[in-house]
Structure formats: C-alpha cells, structure tokens
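Enquirer: Encoded as structure tokens, here's the structure I'll be asking about.
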Amino acid sequence: MGSLSTLDAPLKYPIARRDESVVDNYHGVLVSDPYRWLEDPDSEETKEYVKRQAHVTESLLSTCDTRDKLGNRLQQVFEFERYQLPFKRGNKYFYFHNKGLQPFDVLYVQDDLDSDPKVLLDLNEDNNNVTVSLGLCSISEDAKYLAYGLRPGGSDWNTIQVMTIEDGNSLPDTISWVKFSNITWTHDSKGFFYSRFPAPNGETTDVGTETKIDVNQELYYHVLGTDQSEDVLCYKDPEHPKYRFSTYVTDDGQYLLLDIGETCDSVNKLYYLNISSIQSALQSAKDENTLLPFIKLVDDLDALYQYVANDETIFTFQTNKNAPKCKLVRVDLSKPSNWTDVVPESKRDVLVSAQAVNGNQLITCYLSDVKHVVHIRDLLTGCLLHTLPLEIGTVRINARRKDTTAFISFTSFLTYNITYQCELASQVPVMKIFREILVPNFDRSEFKTDQVFVASKDGTKIPMFIVSKKDVILDKSNPCLLYAYGGFNSSLTPHFSVIRSVLLKHLGAVFCLANIRGGGEYGEEWHKAGTFEKKQNCFDDFIACAEFLVSSGYTQPSKLCIEGASNGGLLVGACINQRPDIFGCALAHVGVMDMLRFHKFTIGHAWTSDFGCSEMEEDFHWLIKYSPLHNVRRPWENSNGRYIQYPATMLLTADHDNRVVPLHSLKLLATMQHTLCTSLKRSPQVNPIVVRIESKAGHCCCRPIQKEIDVAADRYSFMAKMLDASWTD
C-alpha cells in the first residue's frame, strides 16, 4: 500500500497550462502532448512554472526536521583528506587531492613519489565561480603540458585550455565547443587531437541550457601556440551526422587510432594511421583541404575494439566480437584479415579491462558475480601468471607498459579507498599499501554487506547487495533505500559513499544495490536482455528485488524508497507507474521520462541503441507501454477497494543538464500533478509529488562539494520524512 503522507495538508500545486491541440500521430496512434511548451527552457512561461514549483518544494523541505541535521553532519563527515589514484606521465607523478570541503579536487604533480608535491591546477582559486568544473584532463607524454577542459555550470560542453607543467603558466590556447571528446597528444608534444560540434544556436553565452540535437561532430588537430581557427580538420563524415570520434596514440607514438561510434552501444569502427611524420601529414591536409588518410581496419559497427598494446604492426585489442563477455585478440596490420585469440572469452566472468605493463605483461580485470578479480598475465601468450590478493570490491588500475609499477585502488561498500603499489619486476608481484583513506567516525565493523540472488518474474536470478548494521532486525521496521541503473552495458559494483554512510549510521537505513538486467554485470547478453522489447525485464527485476526486501523482513512498502539516476531515473519513473503499491518514496534523478521524443534533444539519439525509437513502428509499440510520461494512472481506480496512491515522489534535475534535458522531469511532473491531484476536487493522492531543480549544475557529476551536500540533505530529508525514519546520533 502506498505510504500515508505525514504532511498536515496536501500541497497546493501550480496549475500548468494544458495545450490539448498538441497531438502526434505515431503509426496511426494519436498521442497528446499537452505540456510540449515545457520543452522550451528559455520561455517566460517555463521559467515562471519552474519558479512556482521551486516554491512548493521549498515549503515542503522546510518542514523536514532532518534536513539541517543531514546537512550539518555531511559538512562534518566530508572534512577529511581524499586522494585519487596516482598516475605517471614522463617521469612525473600526478594525482587529485581534496583537503575536505574544497569545492573541487586539486591536481598535484611530483617529480617522484618521495618529493614534495606542488599544486598544478586548482579551480577553487576562483572563489566567485565555483560552478565551473573540470571535465577533460590530458597530460602530454613528456609531461611538459597539461590540456584541460572547463565545464560551465556542469554542462557537457568543454572549453580546453593549456598550461606548462614546469612553471604552471597558462598558454593563450583556447578551444571551444568540445563535447563527448578526449584529448590526445602526439608524442612530439606539438599539439593534440580533439573532437568538437558546431556552436549551438550561434555563439550563445549560457551554454548547457540548449536542447538542440548534437550532430556533425568533427575531429581536429590543434598546434600549440595557434588560434583555434587554424586547427586542422582531420576527419568528418557528413553522410553519418550522428557519428562521434575519439582517438588514441599508441604507446610507441607511431600510430593514431580513430574510434568511430554512433550510439551508446558497445561497438565501434576502428581506423588507423602511421603518424611517424604527423606534422607533414597535417600540413598536407591543411594545404590541400583534405582529411587525414586513415586506413580502415574495422569498418562495421558490430563489435567493440579497444586498444591494449602493440609491437610495431602487431596489435592486441579487447573485443566482444563473438564473445559477449569479451576476450583479447591479436592482429598484424599487414595481414588485417587474420585475427587470433590471445585470452579467450571466459565462460563465466566478464573481462572489464586489460592494460599492458612491465614490458610484456598484462593486468586483466574481470567481473565475477559483480566483484572485481585482477590477474597478471603474459602479454605474448595470454597465460595466467598470478591472481592479486584483493578483497571483495571494485578496483581501478593506473599503469603503463614501460613501468614496472602499477597503482591499484580498491573500494567497497564499507571501505572508502585503499591504493596499492604493485611492484611487477619481481617473480611474484609485491603488493604494498601506498595510501589508505579512512572516513572519520565510521566504524566499518558495525556494518555488514550481503549479496543475495533474487528470482525475477521470469525466474532469472538477479544479484543484489544489501548493506546494513550487523545487528539489523528483520521485523520490517527498517527504512530501506533500493538503488539500480540497468542500462547501456554499465555495471554497478561495490563502492563507498560518504553520504550513504550517514544514512546507515544516523537513519538506520538499509542500503540495497540491485544489479538488474540492462547493465553489463554478466556481459553483453545480460545487457541485451534489458533493451528494446525486453526493457520490461529491467522493471520486473527491480520490482522483484523490492518484493524480496519486504518478504524477507528487511522493510515494508511504506518504509521502502527507490532511487535511480538518468536511465535509473527512467527505471524509477516506470516502476512507480507499474507498482505504486510497494514503494513509500521515490527519488528519480535526471530521468529519461518521455520515451517518444527523447531522441530529438541533444545526445538523446545515441540512446536508441538501448531503447529503440518511436519513429519505428515496432519500437513505438513497446516504448508507449512503459514510457513514464505516458503511463501515469490513478491507481485507486482499479484497486479492488484497496487504498493505493503513488509514493511520495521527488523528481530531481538541473538547469544545465544538456544530456538528459530538464524537460523530461518537468513534463512528467506536470502530468503527475494534473492526473493525480489538480484535476480532481478531492484526490486520494496525499503523498507529495515535487521537483528539485539545481541551478548552475549538470548531469549528476562535477558538482562542487557544497552542492552535493545540499542536494543530499534535501532528497534524503524528504525520504526520511516520508518513511518516518528517525535520526539518531
């Protein structure tokens, strides 16, 4: 049963204008879209609507008695030093560090691991503009230059700037309109490759609020010390305007690899170019107005190919070609039709990554039942040499082929971070702790992590992690937070969250992470089982996990909150439509809510690899069945006399999210409030339905720490109030 609101009286929502004349014909099916006007973020009507909704939300949040407690406690808890994994370029070491409450992490450089570090890049120095965050970051092979991208308001746009590393001087180079790109230096350090789009809506000053579709990306080379207008156009494909380009220079500096992708699917074309004389090739392309003469190694978008290593023309790649759990293959560029397996596909585990180290060794990382396992292998034969002794959790690896040392970071639900220094020169790898980060006043011994496997609707076993106090009592009294994603081959693995630690300790919350289909936890087959016409599997899996938590005594519907972001926001939106009776609260961040029009905005067209597209008749018929915007119903009308309403719902978005644009959340908000509340004289829907819109922020990332604290305090105090969760010190 939906939870009863703890509010003294139902909220009074703004009345949103409905334009009943807006009707689309999808393959003979008429679908109304009365809030189409909310797709224009710059209209005065939209701005006024957002302002009035913000007032409603604030009036509710001001009554949440844990709001200040959460905010204050998070301020205290974040006051500890945090380090990211170190990495090496040239003969220097680099790492990101935060002293505690600095808005953004600071980039440091060391001549060696024992020398005093010095600040290289600190965006916190501009105290008047803490909404400009770091996006791209690339250091030249000789460690002379740093190229970095600044993201205004957290949007996906990057403006690239360059500085010298030795003296920290900024160069005049400025590169604009860069998005979904990397920065790839040539080994001569004379310049770098990057990809850019045409400027949106002309030279707009407030980037990140646009909704125009992202197409016609082009690859350029920038020569240091020149204006962007002088950059060399290296590759474009106007016949395929949705193609996106990324590049990689091989470890020996001899080859440029060009990856070409169109959607978010794990497939790419792969071209290459010998760049031993790159400057003359660039000058020729510029003088003759031609593109660089890339050679096509793979010209089909049917599999993934990622560079691992090369010796002259003999290349090793990671691929899912005829291997849904991935494998390593080798090919000689002089014999491009002859591919051989180096490390065959595992029958059970998913190959996540492979890195060449210590000359002729490999570090391979596998995902085994959603836990990372790390192996040392022989690069030439692929033979297993060693398995590194790591606990159950998630690892990240920084290493280069020329180095005998690898840095490996470890995290889990109860361990913030341990960085290991792995020495590979000896016969048996030597692992020693390089740096361990502990969260103050968090005693991991008081908590436990369990993994269960829940039977979904069709019998498929769904892994789920459950994190709780060791003395948790299964009497259905615990507030419970269930999180999932389930899309785009993305795997959710164990990781520590400072914010979550506060919920565990002070709200007595049980945290659950469901590894539903659509993700990559068991390879491409697991991913495909949650796409297109099988997308309903994701919702069935999530609902099954919720039902397990109730039937096992962890919680009850009125104390169960579900949360997800982006594709996970879609998940939450679909599930509260389908099963409003088993959730007490819902937090849907930056969700894809209009499944009929998502492909028309910014990069939405890339998601058709998971969702399909409403312009295709077959796709339309499965999209319309679960699209959150189009399936809001009054659950009490078909409840056989039971009292059912929607759970207390908070939609969260940001005004500079130009990935999943805010219109998705705004249109769903207007639809839910109208259908469930404002169109009725007396509605059974007393649980609140509100939106939280962050200003000068983007898509769930790159926010300054204070914004992270404020958003967390708001959404989890809302959750605590709706679940009747008490604060304990």
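Since every read-out is calculated from the coordinates, none of them should be taken as a lab result. Worth saying up front: this structure is predicted, and the values here are computed from it rather than measured. Note that each Cβ is placed from the backbone with ideal geometry, even for glycine, and that neighbours are counted across all protein chains shown.
Enquirer: In nanometres, what is the gap between the two model label sites at SER683 and CYS137, each 7 Å from Cα along Cα-to-Cβ?
Expert: Distance between label points: 4.5 nm.
Enquirer: Now for a different question. Tell me the label-point distance for the pair PHE532, ASP311, using the 7 Å Cα-to-Cβ offset, in nm and rounded to one decimal.
Expert: Output for this residue pair reads 4.1 nm.
Enquirer: Okay, next question. Direction-averaged shadow area of the convex hull around the Cα atoms of region 119-231, nm²?
Expert: Taking the Cα atoms of region 119-231, their convex hull projects to 7.2 nm² on average.
Enquirer: Could you give the dipole magnitude of region 507-549 about its Cα centre, charging the beta-carbon of Lys and Arg +1 and that of Asp and Glu -1, in debye to the nearest 20? Mind showing how you got there, number by number?
Expert: On the way: 4 positive and 7 negative charges, 18 e Å.
Rounded to the nearest 20 debye, it is 80 debye.
Enquirer: Could you derive backbone 3J(HN,Hα) for region 254-270 from the dihedral phi with the Karplus parameters 6.51, -1.76 and 1.60 (θ = phi - 60°), listing whole Hz in sequence and x where the residue is Gly or Pro?
Expert: Per residue, the Karplus-derived 3J(HN,Hα) values read 8, 10, 9, 9, 10, 8, 10, x, 10, 10, 8, 5, 7, 9, 7, 7, 9 Hz.
Enquirer: In whole angstrom, and with the biggest value first, how far do the Cα coordinates of region 339-398 range along each principal axis?
Expert: Extents along the principal axes, in whole Å: 31, 26, 17.
Enquirer: Take the eigenvalues of the Cα gyration tensor for region 131-303, scale each by 5, and report the square roots as semi-axes in whole Å, largest first. Intermediate results must be reported in sequence, preceding the final value.
Expert: Working: eigenvalues 109, 98, 46 Å².
Working from the Cα gyration tensor, I get semi-axes of 23, 22, 15 Å.
Enquirer: Only sites in a loop by DSSP and with at most 12 other Cβ atoms within 10 Å count here; which trypsin sites (Lys or Arg not before Pro) in region 277-362 make the cut?
Expert: Answer in residue order: LYS347, ARG348.
Enquirer: Can you find, among LEU291, THR211, ASN182, the residue sitting farthest towards the positive end of the charge dipole of region 131-303, where Lys and Arg contribute +1 and Asp and Glu -1 at Cβ?
Expert: THR211
Enquirer: Also, I was wondering about something else. Between GLU423 and HIS55, what FRET efficiency follows from the Cβ-Cβ distance if R0 is 35 Å, with the result rounded to 0.05? Working shown, then result.
Expert: On the way: r = 59 Å, r/R0 = 1.69.
With R0 = 35 Å, the Cβ-Cβ based efficiency is 0.05.
Enquirer: Going out from 0 in 5 Å bins, what whole percent of all Cα-Cα distances in region 633-729 drops into each bin?
Expert: With 5 Å bins starting at 0, P(r) equals 2, 11, 18, 18, 17, 14, 10, 6, 2, 0.
Enquirer: Please state the shape class of region 217-330: rounded when a/c is under 1.5, otherwise prolate if a/b exceeds b/c and oblate if not, all from the C-alpha gyration tensor.
Expert: Because a/c hits 1.5 or more and a/b fails to exceed b/c, region 217-330 counts as oblate.
Enquirer: Any idea what diffusion coefficient region 519-632 gets from Stokes-Einstein, in µm²/s, Kirkwood Rh on alpha carbon pairs, 4 °C, 1.567 mPa s? Don't jump to the answer; show the numbers that get you there.
Expert: Numbers: Rh = 14.6 Å.
It diffuses with D of about 88 µm²/s by this estimate.
Enquirer: Can you give the extra length, in nm with one decimal, that the chain gains between ASP341 and GLU617 once fully stretched, where that is 0.36 nm per residue apart less the Cα-Cα distance? List each step's numbers first, then the result.
Expert: Values: separation 276, 0.36 × 276 = 99.36 nm, distance 4.02 nm.
Contour length minus Cα-Cα distance gives 95.3 nm.
Enquirer: Follow-up question, since we're still on this one. When DSSP beta bridges are limited to those with both residues in the chain, what percentage is antiparallel, rounded to the nearest 5? Show your work: numbers first, answer last.
Expert: Working: 126 of 150 bridges.
Percent antiparallel among DSSP bridges in the chain is about 85.
Enquirer: Going by how many other Cβ atoms sit within 10 Å of their own, how do GLU125, GLU391 line up, fewest first? Could the numbers behind the result be given before it?
Expert: Values: GLU125 9, GLU391 13.
Neighbour counts put them in this order, fewest first: GLU125, GLU391.
Enquirer: Calculate, axis by axis, the spread of Cα positions in region 359-506 along the three principal axes, and write the results as whole Å, longest axis first.
Expert: 56, 43, 24
Enquirer: Now for a different question. Given 25 °C and 0.890 mPa s, compute D for the chain with the Stokes-Einstein relation, Rh being the Kirkwood radius over Cα pairs; round to the nearest whole µm²/s. Show your work: numbers first, answer last.
Expert: Working: Rh = 27.1 Å.
Translational diffusion coefficient: 91 µm²/s.
Enquirer: Round to the nearest 0.05 the FRET efficiency obtained for LYS99 and ASN441 when R0 = 22 Å and r is the Cβ-Cβ distance.
Expert: Efficiency for this residue pair is about 0.80.
Enquirer: Follow-up question, since we're still on this one. Divide, for region 309-438, the radius of gyration over alpha carbons by 2.2 N^0.38 Å, where N is the residue count. It would help to have the intermediate numbers written out before the result.
Expert: Values: Rg = 15.3 Å, N = 130, 2.2 N^0.38 = 14.0 Å.
This ratio for region 309-438 stands at 1.09.
Enquirer: What size of dipole, in debye to the nearest 20, comes out for region 131-303 about its Cα centre when the only charges are +1 on Lys and Arg C-beta atoms and -1 on Asp and Glu C-beta atoms? Show your work: numbers first, answer last.
Expert: On the way: 12 positive and 27 negative charges, 41 e Å.
That gives region 131-303 a dipole magnitude of about 200 debye.
Enquirer: If neighbour count is taken as other Cβ atoms inside 10 Å, put CYS383, CYS422 in order from fewest to most.
Expert: Values: CYS383 11, CYS422 22.
Neighbour counts put them in this order, fewest first: CYS383, CYS422.
Enquirer: Run the numbers on the chain and let me know its relative contact order in percent, using alpha-carbon pairs under 8 Å that are six or more apart. Numbers along the way, then the final one.
Expert: On the way: 1760 pairs, mean separation 100.5, N = 729.
Here the relative contact order equals 14 percent.
Enquirer: Which whole number of Å³ per residue matches the convex hull of the alpha-carbon atoms in region 384-460?
Expert: Details: hull volume 11.9 nm³, N = 77.
In region 384-460, the Cα convex hull volume per residue is 155 Å³.
Enquirer: Quick one: if the Förster radius is 45 Å, what FRET efficiency do ASN631 and GLU44 give, using the C-beta to C-beta distance and rounding to 0.05?
Expert: In this case the efficiency is close to 0.90.
Enquirer: I'd like to know how region 1-108 sits against the 2.2 N^0.38 Å rule of thumb: what's its Cα Rg over that expected value? Mind dumping the intermediate values first?
Expert: Numbers: Rg = 23.9 Å, N = 108, 2.2 N^0.38 = 13.0 Å.
Normalised by 2.2 N^0.38 Å, the Cα Rg of region 1-108 equals 1.84.
Enquirer: Using the Cα centre of region 309-438 as origin and beta-carbon charges of +1 (Lys, Arg) and -1 (Asp, Glu), tell me which of ALA406, PRO389, VAL331 is placed farthest towards the positive end of the dipole.
Expert: VAL331
Enquirer: Binned at 5 Å from 0, what are the whole-percent values of the Cα-Cα distance distribution for region 232-296, short to long?
Expert: For region 232-296, the pair-distance distribution reads 4, 16, 24, 25, 17, 9, 3, 0.
Enquirer: Hey, another quick one. Among LYS402, LYS190, rank each residue by its count of other Cβ atoms within 10 Å, from fewest to most, as a rough exposure measure.
Expert: LYS402, LYS190
Enquirer: Expressed as a whole number of Å, what is the distance separating the alpha-carbon centroids of region 174-242 and region 44-119?
Expert: So the separation of the two Cα centres works out to 28 Å.
Enquirer: Past 32 Å, Cα to Cα, is the threshold; run LYS559/LYS625; LYS371/LYS457; LYS118/LYS269; LYS47/LYS707; LYS534/LYS707; LYS325/LYS559 against it and keep the listed order. Can you show the working numbers first?
Expert: On the way: LYS559/LYS625 28 Å; LYS371/LYS457 25 Å; LYS118/LYS269 41 Å; LYS47/LYS707 21 Å; LYS534/LYS707 37 Å; LYS325/LYS559 37 Å.
In this structure, LYS118/LYS269; LYS534/LYS707; LYS325/LYS559 lie more than 32 Å apart at Cα.
Enquirer: Where nothing but the Cβ of Lys and Arg (+1) and of Asp and Glu (-1) is charged, how large is the charge dipole of the chain around its Cα centre, in debye to the nearest 20? Walk me through the numbers before you get to the answer.
Expert: Details: 74 positive and 93 negative charges, 454 e Å.
Taking the Cα centre of the chain as origin, the dipole is about 2180 debye.
Enquirer: Please identify every one of the GluC sites (Glu not before Pro) in region 33-120 that sits in a loop by DSSP and has no more than 14 other beta carbons within 10 Å of its own beta carbon.
Expert: Details: sites: GLU39, GLU44, GLU45, GLU48, GLU58, GLU79, GLU81; in loops: GLU79, GLU81.
Qualifying residues, ordered by number: GLU79, GLU81.
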